[in-house]
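S.K.: Shown below is the structure under consideration.
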Amino acid sequence: MRIAVVGLGLIGGSLALAATARGDEVWAYDADPEAGRIGLERGAVARVDDSLAGALDGAELAFVCGPVAELPSLARQVLDAAPDGCAVSD
């Protein structure tokens, strides 16, 4: 399964690690390039994209894992960019 993780903090990073461990292909986006670098370095994700649309390309499932205050806006952006048939959760 192709999974997109938006936000590679504690929760997003943990979801990415678990999904990768079960054999899913995980792509991610994080506004902080350092978070993406760490996600790649630790093997949590297969790819970090520099755009939300790129990370969501072909995703079957997307997790929105940003700061609580930003979740409404971030969730709307993910819903708008997610491909047809992609389930989105926070």
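S.K.: Among the residues of the stretch 40-85 satisfying the criterion of being assigned to a helix (DSSP H, G or I) and of a type in the set (Val, Ile, Thr), which is nearest to Gly13 (Cα to Cα)?
M.R.: Val68
S.K.: I'd like the residue in the stretch 24-39 that is under 12 Å from the mean Cα position of the chain (by Cα) and assigned to a loop (DSSP other than H, G, I, E, B) and, out of all such residues, is surrounded by the fewest Cβ atoms within 10 Å (Cβ to Cβ).
M.R.: The residue in question is Ala31.
S.K.: A further question follows. Here's a check for you: in the stretch 40-55, which residue that is out of contact with any Gly (no Cβ under 6 Å at 6 or more places or on another chain) and either over 16 Å from Leu79 (Cα atoms) or of a type in the set (D, E, K, R) (or both) is surrounded by the fewest Cβ atoms within 10 Å (Cβ to Cβ)?
M.R.: Filtering the stretch 40-55 for residues that are out of contact with any Gly (no Cβ under 6 Å at 6 or more places or on another chain) and either over 16 Å from Leu79 (Cα atoms) or of a type in the set (D, E, K, R) (or both), the one surrounded by the fewest Cβ atoms within 10 Å (Cβ to Cβ) comes out as Glu41.
Quick note: the coordinates plus some simple rules give every number you see, no bench work behind them. Keep in mind it's a predicted model, so treat the numbers as computed, not measured. Glycine also receives a Cβ, built like all others from the backbone with ideal geometry; neighbour counts cover every protein chain displayed.
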